[in-house]
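Notes follow once the structure below has been shown.
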Amino acid sequence: MKDVLTVMKFTIKEMVKRKAFIISTLIILVMIVIGFNVPNIIKHFKGESTTEKLVIVDSENVFDGNLEVIKNLNLDYEIEISKNTYEEIKEKINNDDINSAIVVDVKDNNIKMRYIVKDATMMREVPEDVVSGINALYTNMQISKLGLTEDQLKSINPNFEFSVEQTGEKKANGNVIVLMLLSIVLFYAIYFCAYQVSSSITVEKTSKIMETLVTTTSPKNIVLGKTLGIGLVGLAQLFVIVCTAVVCAKSFLDAELLNSVLDMSNITISLGIITFAYFILGYLEYALLYALTGSTVSKPEDIQSANTPVAILAVVGFYLSYFTMMNPTSDLNLFASIFPISSPFCMPFRIMMGLADIKEILISIAVLVITIVLIAKIAIKIYSSAILNYGSKMSFKDMIKVYRDKSN
């Protein structure tokens, strides 16, 4: 255990001192700060208000002067009711005084509406919420002219209340946007932390540091020490990134917008502990696979090709969990939460949605732990023979041969 801690401390020091690690972390933090400030940056360049200005022109007085009601509908537009001519509207749009206009005309007893914009090639569509408001206003005007009673008006314009129910036994709860966002964060945290294990081993083989490590401790201690050391650094980096993102979100984004898009009501302390546990297990699984591939190469330029099979496994596992979230009650989602290459990305969010029972969680963890133990056993055996290999990259056939020889 002492040797494992020694290797772990050495690995942590080497990781933290790397310029690539420091620069990449700073770049990520800067990108987070800038990303959450995008609305403020847009507001700065466009002025105080980023709401589109829309003018409605009713020169024929089709709405009997009642269009002012549209302003009270809480639409995402700054609406102005005007009697400007077409040429005046055109000039305002070209001068960017307004963004668009709706002109109401009457032709052959038909009401026509023209949506005027500066550039129609920008895939601009007539704002449906404004059109719906105008339609509702005109309908109510015509109904009121009929002199109907209040009960008759209610029968014509009933208030329908809709609710969503599902027939499945298990009901999913939770914001899908939050689930997918956290799934992406968890995937990249596990993937990039684990990838550093392969890179670290190859770099140290090239610099001959590994020869010193091998003579002072066993390959098993090296694998475990480096895996734990890089994992702790990655976890600390992830913690800093997440904290920065949370602080920036609360500081720079509108609170109502943040609450409507990112509903965090299902995120609890127990869920955080389970997610952390799956992060650790997922990291160990992929880190040991990368330790295996890293020990088979002797040149840094060969890392990418050696790591390709593991990268494919990680991507398959991520997309399997990511896309099954769209149908979380399906059997495929249950499979993804138990299958070891995808369970670290899927099971925490299956739990968040209230779909996983204790039996499923225990089975998922047991399968993942057994997989980690098997990978560790294979990785350490091959690592012991391949670590001092400074020749060409070991092929898959060579690894099988080495493993069989070690087993005998």
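The values are calculated or read from the model by the stated rules, or taken from the named source; none is laboratory data. Keep in mind it's a predicted model, so treat the numbers as computed, not measured. Don't worry about glycine lacking a Cβ; one is built from the backbone with ideal geometry, like all the others, and counts go over all protein chains shown. Accessible surface areas use protein heavy atoms only, side chains included; no ligands, DNA or RNA. Shrake-Rupley method; radii C 1.70, N 1.55, O 1.52, S 1.80 Å.
The table for this structure:
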quantity: By average C-beta atoms within 10 angstrom, highest first, the peptides 222-232, 91-101; calculated: 222-232, 91-101
quantity: The stretch 61-139 - accessible surface per residue (Å², probe 1.4 Å); calculated: 67 Å²
quantity: Segment Glu60-Ile111, length gained on full extension (0.36 nm per residue, minus Cα span); calculated: 17.4 nm
quantity: Gained length - Asn95 relative to Asn37, 0.36 nm times residue gap less alpha-carbon distance; calculated: 18.1 nm
quantity: Full-stretch length increase - Thr51, Tyr86 - with 0.36 nm per residue and alpha-carbon distance subtracted; calculated: 10.3 nm
